[in-house]
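The values are calculated or read from the model by the stated rules, or taken from the named source; none is laboratory data. These numbers were taken from a predicted model, which means no experiment stands behind them. Here the Cβ positions follow ideal geometry from the backbone for every residue, glycine too, while neighbour counts run over all protein chains shown. Heavy atoms of the whole protein, side chains included, go into the accessibility calculation; ligands, DNA and RNA do not. Shrake-Rupley method; radii C 1.70, N 1.55, O 1.52, S 1.80 Å.
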Number of protein chains: 6
Amino acid sequence: MNCYDLTKMTWKEVEKSLETVEFAIIPVGAHEQHGPHMAESCDAVLAERMAIKLGQRMFPYAIVTPAVNMGVSEHHIHFPGTITLQPSTLIAVLTDMVSSLKQHAIKKFLFLNSHGGNQSTLNLAAMTITKKLEVEVYYAKTTASAKESIGKYVKSPLFGHSCEREVSEALYLAPELVREALLEKGEINQGGRWERLRPGKAVQGFYFYEEMTVNGCIGDGRKGSREIGEQIVEEALDHLADELSELLDLKEELLY
Amino acid sequence: MNCYDLTKMTWKEVEKSLETVEFAIIPVGAHEQHGPHMAESCDAVLAERMAIKLGQRMFPYAIVTPAVNMGVSEHHIHFPGTITLQPSTLIAVLTDMVSSLKQHAIKKFLFLNSHGGNQSTLNLAAMTITKKLEVEVYYAKTTASAKESIGKYVKSPLFGHSCEREVSEALYLAPELVREALLEKGEINQGGRWERLRPGKAVQGFYFYEEMTVNGCIGDGRKGSREIGEQIVEEALDHLADELSELLDLKEELLY
Amino acid sequence: MNCYDLTKMTWKEVEKSLETVEFAIIPVGAHEQHGPHMAESCDAVLAERMAIKLGQRMFPYAIVTPAVNMGVSEHHIHFPGTITLQPSTLIAVLTDMVSSLKQHAIKKFLFLNSHGGNQSTLNLAAMTITKKLEVEVYYAKTTASAKESIGKYVKSPLFGHSCEREVSEALYLAPELVREALLEKGEINQGGRWERLRPGKAVQGFYFYEEMTVNGCIGDGRKGSREIGEQIVEEALDHLADELSELLDLKEELLY
Amino acid sequence: MNCYDLTKMTWKEVEKSLETVEFAIIPVGAHEQHGPHMAESCDAVLAERMAIKLGQRMFPYAIVTPAVNMGVSEHHIHFPGTITLQPSTLIAVLTDMVSSLKQHAIKKFLFLNSHGGNQSTLNLAAMTITKKLEVEVYYAKTTASAKESIGKYVKSPLFGHSCEREVSEALYLAPELVREALLEKGEINQGGRWERLRPGKAVQGFYFYEEMTVNGCIGDGRKGSREIGEQIVEEALDHLADELSELLDLKEELLY
Amino acid sequence: MNCYDLTKMTWKEVEKSLETVEFAIIPVGAHEQHGPHMAESCDAVLAERMAIKLGQRMFPYAIVTPAVNMGVSEHHIHFPGTITLQPSTLIAVLTDMVSSLKQHAIKKFLFLNSHGGNQSTLNLAAMTITKKLEVEVYYAKTTASAKESIGKYVKSPLFGHSCEREVSEALYLAPELVREALLEKGEINQGGRWERLRPGKAVQGFYFYEEMTVNGCIGDGRKGSREIGEQIVEEALDHLADELSELLDLKEELLY
Amino acid sequence: MNCYDLTKMTWKEVEKSLETVEFAIIPVGAHEQHGPHMAESCDAVLAERMAIKLGQRMFPYAIVTPAVNMGVSEHHIHFPGTITLQPSTLIAVLTDMVSSLKQHAIKKFLFLNSHGGNQSTLNLAAMTITKKLEVEVYYAKTTASAKESIGKYVKSPLFGHSCEREVSEALYLAPELVREALLEKGEINQGGRWERLRPGKAVQGFYFYEEMTVNGCIGDGRKGSREIGEQIVEEALDHLADELSELLDLKEELLY
């Protein structure tokens, strides 16, 4: 399948693609610990792979930019190797990217984000960039919309980081990220402060990830599989493509 | 009931209170349109009133600071009278407040927020202030935890701004905010772009509130009542007080 | 008397008011110690009350915005409870407010300030906001122009903070701020460095307020009265209304 | 007379001087129009010359740094040649200077300022630098303290910029700044908005200098003389030296 | 050969590696047009590949971080697809990276840069990060030190961007970047302003790349080869490894 | 010879000069140690003197602004008396200067810089100011283009700071900067880390000047002379004037 992948194109190819391109997909990842069984570039790689797959589905309307391969990972900073950007830095990077692409006549943008810790920053980035640069900005969590598949296959009460869902996605999209021989269940610190601060609780707050899990995982990565990953990813891509086609009013006949 | 309300205290009274105070409650509101039936200071006033009520329940452990009476309201800026702070400005205000209070030996903070549009900024503020000032920062949406009462009384499929829930809260906490003779149902723009961007959808993005509602309301404010407001507010206060007592490890016997 | 008080208005009421409104009054206060006999919100409350009174006099030309209820109070930071904004934060708040209101077609602004420590910041804010947003910006110290009344009633050689002048203003405008049973004379540190740095001296410089006064007051609050407050406040309002009518070229017949 | 003039010293000479130096004098000027009869560097040059003279009087306790030769001159920007710094830029320059000098063990600073338009910025700089760098910061208007001489010789009701006072100071300190053949009286725009915004008026605000004076001067430069300048300058130096000796607790016997 | 590639490691593997790691290699690239014959990610990919090769030579002392895959490319912004970061953004990204890695006890850093347009920014980043974070910061242009090979094989008078040198490096390190069928000579605008602003000229200045070359290349990419690339790259790696071993005082016996 | 020296002109003279002025020369210097034999203002003074001489040659096309008399001197900060600006501060100063002068209709600028440590900052300033203010920005190292004279007279293998070249320039342009009786050869720390980081080496990095030279000089100042200075300065001025005439397309007949 075709995809306008900006990293692989020459300027003449870009110039040609801009005849049909309606929006840019900016993959946003992170560089952070993913337990003993996943490589630290996990989120960066998954965001990039998802972006390419979405770019294929949205061809010739979408162009995929270079990935933002580090994000807001303060929660994980105490685990060796984690790198975190300040939210203001991430917003600056995205602002510069959108500003540059706007000079090439692209006016609509999707931040395709694989890392939950980036969501608040992307929410603010969408608002401030819309205002400052007079463009249209959307953002999406890569596979959050795969509710049916996730409901069916992901059974851990606490999941979302280096769990069976993420391991599955990686086994489908980038199996080199997974140490299959080392897969572990999250080693949860029961009764910690974090339990009172999870989404849906009355109070939220900042806590470090080691307060929640000794090995850096939650859920149970051992229960992941390539097949589950495929279900989740493809369901999410269906939803993303549908929504974007409507939002951006794309001519369906041209897609694929 | 007693409450340490910093705005009403002299410095000698503050000095005395600090013998027992464990944390500060910082009310965070907004100044923005609330349809034809609520005053624009709605969120600022509700945050302040909730903070006082929570301060009473947490006496002598909590002290309530001046309210942040404007917030991030870019979504509403096209309605006359709305004032919006940039997210960076709100973070600067909160940072200065925490920094000042830390000089008075307060080390734990709750941002008690009445306005959904502030949540992402508060999430980032909690993280960056924790890191920069080495304090403990929590934040909560004032009545979001009143799930039982809201489930029971709030029936509009789309609610959350100048709706029956908010009108009810105001009728209980600050009835002067409500124009009872002018109560209206939200005049929703069906089929707008906003429908595809609501929480839970595959894609999020920034949109202006007039894309969603002609009169600036959602839900149905006519269905609000003081009694519903009391149920919601008191349930939320129960949850907030319980969670904070645990999180901050307060001695229950001293409370009240 | 009527007053356009933005905090109490709905957006439809604001929309209507904008047919005559020529300028916005932005009350600017502070949150800082005011000795053993005044509440810490003193400046915020007085700025707000003065703004309403001025808004009444300038009706239907003026609209009063939410108060900036914290200011630049570094001098007082060592007294319990004081909160200070950095000057850059205060300028950011004012810039966002003016920028928002300009979107509602308001082009002229008065920062009505009750706290001497804010004056330098407001001077710079007036200049930078004028330049950046192409608006007309004025600022005034609430009662500084009441020279006759102050000359007549305020006899302490050193006054200006929690003194007979401020106590009088509060007794007239917001008596709940005053602990009448606790009124004290300023307990001045004679011979301190501060004496050499007062306005009019050859050298100025930053000093902390406790270098000057042990109890946080200057002057003699015991000599204040509601009557003196009324004289000062009403004289100041006369001057402010006169000057603004001229500066903004308001049609006198419409006033009142 | 001796003076530690940092611009003229080698590092070994600086090293030696630091054995007695207690504080640094930072001359702060401006680059702005001074009417048809003074050069635009007027304030920069006068600040520098005054600093040297004060440095002589305070020898061996004071060291004079390079001059800040541009300042906050927005009021004058419409006159050809004027250069203005943003207040934040001037504060950055001063912060960097103090930070550098603190690394050489200097802990006390005087900003010796010749330009009224810088005063608010210096007030804020003194406060923020004191807090950030834990140093002692003073500032002074070069000749403002010469009240006796000014009262005696300066008779124009409106003076302070390229007037007889400033012309006199220049004739004494730096006669090359003055075009004696071109001396003019200020050509005042009577009845302008500026009249309502002068110091002491009920309302202040930003206005451009051409609103006040057609030729860029106020007062009457023709009435200045070298003798008057000498009186003003020497009286001011007396006051500055006296105050600083007290403030910095300098041993008088060492002076001169 | 072994290499500590942080993107591919788990946190436990990072933890182990830190027993010997002495410094981090941060690859810094760009995303910009590279003429009709190279993909726009050229600099990002070459920086990453060089970093891995250098990391192999410096094993077990070096760890390679995620690449900074966009840089300062304002010169190229008018060619379709180019993305440029503001210098302040690039410095913020590098500061956050170094700050994060310092928390993992890494104290020495090499910015390994493939893009000339980043050099000034890296020079400033090295200085400011050294000062702010108290670390040791080095930077190097990937193959600039291969003077012998370049002298021997690169004959175009003007080279350095998508020329025979860069094409050769890519053919050796990442041949997928090159469109071999489309290789072109730079189409130089003779006599343009740029000629007077090249390095070594009396005056420098900012110009856009299209002022210099119509097709976005200089030199003659057709003359590049994998063999030349190998010579250049390996010579550069020799020099880099030698210098770093000395600078960081690494025990030679452990290398490889 | 005539020169438009902005510091010495009145606004009416500036107004007249703008009829022919095509560009502004902004002298950029530094305040930093120059060994035991040169005053610390060396770079500031030399930049200013060179600017005047260049302004004479470019009359009536050039106008010389006030000098930026401090620069980026972090390398020298450990020598007593050195003052350093952060790069962001220097860029802010230059941005404000250009912005001001653009309001007087000047659209082209030359930063004439005497201090190597400023070059990277000026490179970035040229780029960012060009973009932000839509002007044409050039920069030049004062005498770097005098390659013939330098090749002939400067024989030290390591030179460039308080060496025979700089001493010579000063003896010609500003002999008061030189302590002729104290002239010393640079006291070089052989074998230091700095040797591996000099221009042309494989790796660059930040180091402090005392790592390289004990007395703060390099080269051999004793070998300087006024005659050598004259050769270098006049050769450089020839080159600068030639290049600028071409770059700015000045009518030669008007020059001189």
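For the protein assembly as shown, what is the convex hull volume of its Cα atoms per residue in Å³?
Working: hull volume 281.8 nm³, N = 1536.
Output value, Cα hull per residue: 183 Å³.
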Tell me, what HN-Hα J-couplings in whole Hz come from the Karplus equation 6.51 cos²θ - 1.76 cosθ + 1.60 at θ = phi - 60° for each residue of segment E:200-212, using x for Gly and Pro? x, 6, 5, 10, 10, x, 7, 9, 8, 5, 6, 5, 9
Name the residues whose placed amide hydrogens come within less than 5 Å of the amide hydrogen of C:PHE111, ignoring near sequence neighbours (fewer than 5 apart) on the same chain. C:ILE26, C:TYR138, C:TYR139, C:ALA140
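Report the net charge of residues surrounding A:ALA174, where surrounding means a beta-carbon distance below 10 angstrom and charges are Lys +1, Arg +1, Asp -1, Glu -1.
Details: positive: A:ARG49; negative: A:GLU48, A:GLU169, A:GLU176.
Charge balance near A:ALA174 sits at -2.
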Mind checking which of D:GLN204, D:LEU85, D:HIS34 is farthest towards the positive end of segment D:4-247's charge dipole, using Cβ charges of +1 (Lys, Arg) and -1 (Asp, Glu) about the Cα centre? D:GLN204
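Taking the Cα centre of chain B as origin, work out the dipole magnitude from +1 charges on Lys and Arg Cβ and -1 charges on Asp and Glu Cβ, in debye rounded to 20. Intermediate values should be presented prior to the final figure.
Working: 26 positive and 36 negative charges, 98 e Å.
The calculation lands at about 480 debye.
Can you pull out the trypsin sites (Lys or Arg not before Pro) in segment F:1-108 whose DSSP state is coil and whose Cβ has at most 16 other Cβ atoms within 10 Å? Before the final figure, lay out each step's value.
Values: sites: F:LYS8, F:LYS12, F:LYS16, F:ARG49, F:LYS53, F:ARG57, F:LYS102, F:LYS107, F:LYS108; in loops: F:LYS107.
For trypsin sites (Lys or Arg not before Pro) across segment F:1-108 that sit outside H, G, I, E and B with at most 16 neighbouring Cβ atoms in 10 Å, the list reads F:LYS107.
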Cα-based equivalent ellipsoid of segment A:214-255: semi-axis lengths in Å, sorted from largest, via gyration tensor: 34, 12, 6
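Per the Kirkwood definition applied to all pairs of different Cα atoms, how many angstroms is the hydrodynamic radius of segment F:1-109? Don't jump to the answer; show the numbers that get you there.
Details: mean 1/r = 0.0676 Å⁻¹.
Radius from the Kirkwood sum: 14.8 Å.
Taking all protein chains as present, what is the carbon and sulfur share of the accessible area of segment E:4-247, in % to the nearest whole number, probe 1.4 Å? Could you put the intermediate results ahead of the total?
Numbers: 3810 of 7800 Å².
Taking all protein chains in place, segment E:4-247 shows 49 percent carbon and sulfur surface.
Do you know the relative contact order of segment A:4-247, to the nearest whole percent, from alpha carbon pairs under 8 angstrom that are 6+ apart? Please report the intermediate quantities before stating the final value.
Values: 475 pairs, mean separation 55.6, N = 244.
That works out to 23 percent.
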Give the nm distances, rounded to one decimal, from E:LYS131 to the matching residue in every other copy, measuring between label points 7 Å along Cα toward the beta carbon; shortest first. 2.2, 2.2, 2.2, 2.4, 3.2
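Determine the dipole magnitude for the protein assembly as shown: charges of +1 sit on the beta-carbon of Lys and Arg, -1 on that of Asp and Glu, nothing else is charged, the reference point is the Cα centre, and the result goes in debye to the nearest 20. Display every interim value, and only then the final one.
Numbers: 156 positive and 216 negative charges, 0 e Å.
Using Cβ point charges on Lys, Arg, Asp and Glu, the protein assembly as shown gives about 0 debye.
Just the number, please: buried accessible area between B and A, total of both chains, 1.4 angstrom probe, nearest 100 square angstrom. Spell out each step's value before the answer.
Details: alone 12400 and 12380 Å², together 21470 Å².
Separately minus together, B and A give about 3300 Å² buried.
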May I ask what percent, to the nearest 5, of DSSP beta bridges between residues of chain C are antiparallel? 20 percent
Expected vector for segment D:124-132, Karplus 3J(HN,Hα) from phi with 6.51, -1.76, 1.60 and θ = phi - 60°, integer Hz, x for Gly and Pro, equals 5, 4, 4, 5, 6, 6, 3, 5, 6
Quick check: the angle from helix D:164-173's long axis to the longest principal axis of chain D, C-alpha only, nearest 10 degrees? 40 degrees
In the Gaussian network model of chain F, springs joining C-alpha atoms below 10 Å, which of F:MET97, F:MET58, F:MET50 carries the largest mean-square fluctuation? F:MET97
Using only the alpha-carbon atoms, how far is helix C:42-57 inclined from the longest principal axis of chain C? Give it as 0 to 90 degrees, nearest 10. 40 degrees
Within the set B:VAL135, B:VAL45, B:VAL154, GNM on chain B using Cα springs under 10 Å gives the largest fluctuation to B:VAL135
At q = 0.07, 0.09 Å⁻¹, what is the log10 ratio I(q)/I(0) for segment E:4-247, with the Debye formula run over Cα points and no solvent? -0.23, -0.38
Gaussian network model of chain A, Cα springs within a sub-10 Å range: biggest mean-square fluctuation belongs to which of A:GLU235, A:GLU243, A:GLU48? A:GLU243
Under a 5 Å amide H to amide H cut-off, with H placed in plane at 1.01 Å, what residues pair with A:TYR4 once short-range neighbours are removed? A:VAL64
Whole-Å distance, taken between Cα centres, linking segment F:179-256 and segment B:201-234: 69 Å
Among A:GLY117, A:HIS104, A:VAL14, which residue has its Cα positioned farthest towards the positive end of the charge dipole of segment A:4-247, with +1 placed on the Cβ of Lys and Arg, -1 on the Cβ of Asp and Glu, and the dipole taken about the Cα centre? A:GLY117
Per residue, accessible area of segment B:4-247 with a 1.4 Å probe, heavy atoms of protein chains only, in Å², comes to 32 Å²
Percent antiparallel among DSSP beta bridges confined to the protein assembly as shown, rounded to 5, stands at 25 percent
Residues meeting the amide H criterion for F:LEU158 (H placed from the backbone, H to H distance under 5 Å, 5 or more places apart or on another chain) are F:GLY219
Do any of C:LYS223/D:LYS201; D:LYS107/D:LYS141; F:LYS108/F:LYS201 go past 23 Å between their Cα atoms, and which? C:LYS223/D:LYS201; F:LYS108/F:LYS201
Tell me which aspartates and glutamates have Cα within less than 18 Å of C:LYS152's Cα, excluding those fewer than 8 residues away on the same chain? C:GLU164, C:GLU166, C:GLU169, C:ASP220, C:GLU227, C:GLU230, C:GLU234, C:GLU235, C:ASP238
How far, in nm to one decimal, is C:ASN2 from itself in the other copies if the label point is set 7 angstrom along Cα toward Cβ? Shortest first, please. 4.8, 6.5, 6.5, 7.6, 8.4
Determine ³J(HN,Hα), in whole Hz, for all residues of segment D:214-226 in sequence, where each value follows from phi through the Karplus function 6.51 cos²θ - 1.76 cosθ + 1.60 and θ = phi - 60°; x replaces Gly and Pro. 5, 9, x, 10, 10, x, 9, x, 5, 8, x, 7, 4
Please report, for B:HIS78, the nm distances (one decimal) from its label point, 7 Å out from Cα along the beta-carbon direction, to the equivalent points in the remaining copies, shortest first. 3.6, 3.6, 4.7, 5.4, 6.1
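What net charge is computed for the residues neighbouring A:GLY71, neighbours being all others with C-beta under 11 Å from the C-beta of A:GLY71, Lys and Arg scored +1, Asp and Glu -1?
That sum, taken over residues with Cβ under 11 Å, equals -4.
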What net charge do the residues around B:GLN86 carry, taking every other residue with its C-beta under 12 Å from that of B:GLN86, with Lys and Arg at +1 and Asp and Glu at -1? 0
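Would you calculate, for the protein assembly as shown, the mean residue ellipticity at 222 nm contributed by helices, counting each DSSP H stretch of 4 or more residues as -39,500 (n - 2.57) and dividing by all residues, to the nearest 500?
On the way: 42 runs with 558 residues, N = 1536.
Theoretical 222 nm ellipticity from helices: -11500 deg cm²/dmol.
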